[in-house]
1. When region A:245-269 is examined, which residues are found to be within 17 Å of residue A:289 (Cβ to Cβ), modelled with pLDDT of 95 or more and within 14 Å of another protein chain (Cβ to nearest Cβ)?
2. With hydrophobic (A, V, I, L, M, F, W, C), farther than 29 Å from residue A:340 by Cβ and in a strand (DSSP E or B) as the only criterion, which of A:6, A:29, A:14, A:22 stands out?
3. Quick check on residue B:137: is it more than 24 Å from residue B:324 (Cβ to Cβ) and of a type in the set (A, V, I, L, M)?
4. Give just the number: which of (1) more than 20 Å from residue B:159 (Cα to Cα); (2) within 14 Å of chain A (Cβ to nearest Cβ); (3) among the aromatic types (Phe, Trp, Tyr) does residue B:333 not satisfy?
5. Just name the residue that is farthest from residue A:224 (Cα to Cα) out of those in region A:293-306 that are buried (at least 24 other Cβ atoms within 10 Å of the Cβ) and facing chain B (nearest Cβ under 8 Å).
6. Has region B:252-272 got at least one residue that is in contact with a Leu (Cβ under 8 Å, 6 or more places away or on another chain), surrounded by 21 or more Cβ atoms within 10 Å (Cβ to Cβ) and of a type in the set (Val, Ile, Thr)?
7. Using the structure shown, decide if residue B:284 is more than 7 Å from chain A (Cβ to nearest Cβ) and crowded, with 16+ Cβ neighbours inside 10 Å.
8. Just wondering, is there one or more residues in region B:212-229 that are part of a helix (DSSP H, G or I), closer than 21 Å to residue B:320 by Cα and over 18 Å from the mean Cα position of the chain (by Cα)?
There are 2 protein chains.
Amino acid sequence: MRETVLHGANDIRLADTPVPELRDPTGALVRIVASCVCGSDLWGYRGVSKVDQPRRMGHEFVGVVEEVGTEVRTIRPGDFVIAPFMFSDGDCVHCRHGVHTSCERGGGWGGADQDGNPVGGGQAEYVVSPFADGTLVATPGVPDDDLIPGLLTLSDVLGTGHHAAVSAQVGPGDTVVVVGDGAVGLCAVLAAARLGAERVIAMSRHADRQRLATEFGATDIVTTRGDEGAAEVLELLGVGADAVLECVGTKESMHQSLAAVRPGGRVGYVGVPAGGPELPIRQLFSNNITVAGGVAPVRAYLDALLPDVLSGEITPGRVFDASYSLADVATAYADMDSRKVIKPLLRP
Amino acid sequence: MRETVLHGANDIRLADTPVPELRDPTGALVRIVASCVCGSDLWGYRGVSKVDQPRRMGHEFVGVVEEVGTEVRTIRPGDFVIAPFMFSDGDCVHCRHGVHTSCERGGGWGGADQDGNPVGGGQAEYVVSPFADGTLVATPGVPDDDLIPGLLTLSDVLGTGHHAAVSAQVGPGDTVVVVGDGAVGLCAVLAAARLGAERVIAMSRHADRQRLATEFGATDIVTTRGDEGAAEVLELLGVGADAVLECVGTKESMHQSLAAVRPGGRVGYVGVPAGGPELPIRQLFSNNITVAGGVAPVRAYLDALLPDVLSGEITPGRVFDASYSLADVATAYADMDSRKVIKPLLRP
């Protein structure tokens, strides 16, 4: 089979390897139907994070189960499944608290399991999922092809945008600002609107993303950034927002977020802190600003979000504005890196 | 009248000054019945924060209204009132959001109002309250003398401990750790128990404070500190706590709090950050730890807490373990500074 391997900065290649064997009694072999490239995949690709050894890529995918281990109880061969961006056993104390990303035996695709055995990535033709019952979520029946992009967002970006909104306690009537217009930011707009926010201000400088944000429920667009952008938010609302969803992860985006929230408001952040600053506790203290969020436990949100995707109530799959065959994965990386596309979908 | 003035480190004196005149039509002249010394008063006293000019002290008091301005609607002469530790107009956007500490026209006792007119402190015989309707809360009738200490805690320490618990979203069944065994920490124990926490672990090394913590609802006492203390919490609970209430404000106490919370847990902090560290965002991100709190908007909590104090359902007044006449205010400061007493009550 073919799988995507990052060898170093700007060096993405397809490797030809055997289909992985299912050895773990709790695992499942999945034939991948669709996967995609994540903003965080670009860190190694751009050379921002160091690539010490070749790394199997991809942590967002949907597929069809080919085979399950002897101890698997709920997932069956033939199931169409969604894989969260981290695997988790589903029954440790942290999973039971809904924090599957802190699972005691969990880990990341393209990494290794608790015993040190390598785990494949999602930008491939097949992968073996550890803890199939805890990790994978099966849809009722095999979905129509046009639902695939939406279901794929449940792997990461929709759940992550939703986590920003939930962490910021977004509720009916709230005013919300979304910082970041990548796929996660756009999904955060959608999530905030879904949770009943009255005003959703998307901060974006790109016409195509502004358009999608508006279709996802943004009521206002602010095109300026930093203190200028925050001032424009205050001008629009008369005061800072009840909630700000930080979906970038840089020093500048967090600064902008803290400047745009009202006293007593909440910042929900899901942008992986890229060497970002520590949080300014005096500013938070004086203004009673809550900071919540982190690496999104998307597994915990799948039950709530899946029905809305299946029913077409929400259409997060629209964040995929380009589709590539796996053979063209290097082009997909390059196009995302240059911001030519918002998020590339990959078909094996 | 006599009022307490801090002239510099270790230099607390009583001044003899005229009873303040009520000039502001929204204000009220209050005869102070009881006040107290706050841990934060000790900063200037200890020389930790600089005292540039003599400062009128005291921001926690209860008293009887002697006179009200022509525009005051709800507060009347003869009312027994509780004063939150900051004054606030009660009708700006931040007050309406329950963040009275960010009131657009509010400020601190012993400081100045928005027009720059000096505002007296609470460690005195009389004080003029700005925005009487927005700031002061009247009890139904004049309370019995034995209720005075409890009512006085509504000025600050009970509301502040409660703010830590509310910020950390403490609810029924939660496991809670309280860092800090001063009056605020002890009130946080009480607040957590009142909100239904199942386990409340008080971290304290002092027998008298441990005893009071237990009476306030602590189920466990941990006498160690730092990483050792956090490890003991994890040993007791099997995992970090659902909520940690940080009631100190130092670098060490925040470190200990973050080490004692479980992934996905919440740290509610009310300890004024004393030059403390910035918050370690990578640690928060990886573990989905919420950090919330700040300077407590105690005015917002008065309606909820007052009935429980009046009914005797809770007895937060027990944090006052010594009483002084105003003439002995310097001794009260010295005794609190040396940790001889938890919190000194002052009677004019």
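The values are calculated or read from the model by the stated rules, or taken from the named source; none is laboratory data. In this text, all values refer to a predicted model and were calculated from it rather than measured experimentally. Quick reminder, even Gly has a Cβ in these numbers, built from the backbone with ideal geometry, and neighbours come from all protein chains shown.
1. Once the filter is applied, which keeps residues that are within 17 Å of residue A:289 (Cβ to Cβ), modelled with pLDDT of 95 or more and within 14 Å of another protein chain (Cβ to nearest Cβ), region A:245-269 yields A:246, A:257, A:258, A:261, A:262, A:263, A:264, A:265, A:266, A:267, A:268, A:269.
2. Details: A:6 fails: farther than 29 Å from residue A:340 by Cβ; A:14 fails: farther than 29 Å from residue A:340 by Cβ; A:22 fails: in a strand (DSSP E or B).
Going through A:6, A:29, A:14, A:22 in turn, the sole match is A:29.
3. Values: more than 24 Å from residue B:324 (Cβ to Cβ): yes; of a type in the set (A, V, I, L, M): yes.
Criteria met by residue B:137.
4. Residue B:333 satisfies all of (1) more than 20 Å from residue B:159 (Cα to Cα); (2) within 14 Å of chain A (Cβ to nearest Cβ); (3) among the aromatic types (Phe, Trp, Tyr) except (2).
5. The extreme case among them is A:297.
6. For region B:252-272, residues in contact with a Leu (Cβ under 8 Å, 6 or more places away or on another chain), surrounded by 21 or more Cβ atoms within 10 Å (Cβ to Cβ) and of a type in the set (Val, Ile, Thr): present.
7. Numbers: more than 7 Å from chain A (Cβ to nearest Cβ): no; crowded, with 16+ Cβ neighbours inside 10 Å: yes.
No.
8. Taking region B:212-229 first, the residues part of a helix (DSSP H, G or I) are B:212-216, B:226-229.
Applying the additional criterion that residues be closer than 21 Å to residue B:320 by Cα yields B:212-216.
Next, only the ones that are over 18 Å from the mean Cα position of the chain (by Cα) stay: B:214-215.
Checked region B:212-229: at least one residue is part of a helix (DSSP H, G or I), closer than 21 Å to residue B:320 by Cα and over 18 Å from the mean Cα position of the chain (by Cα).
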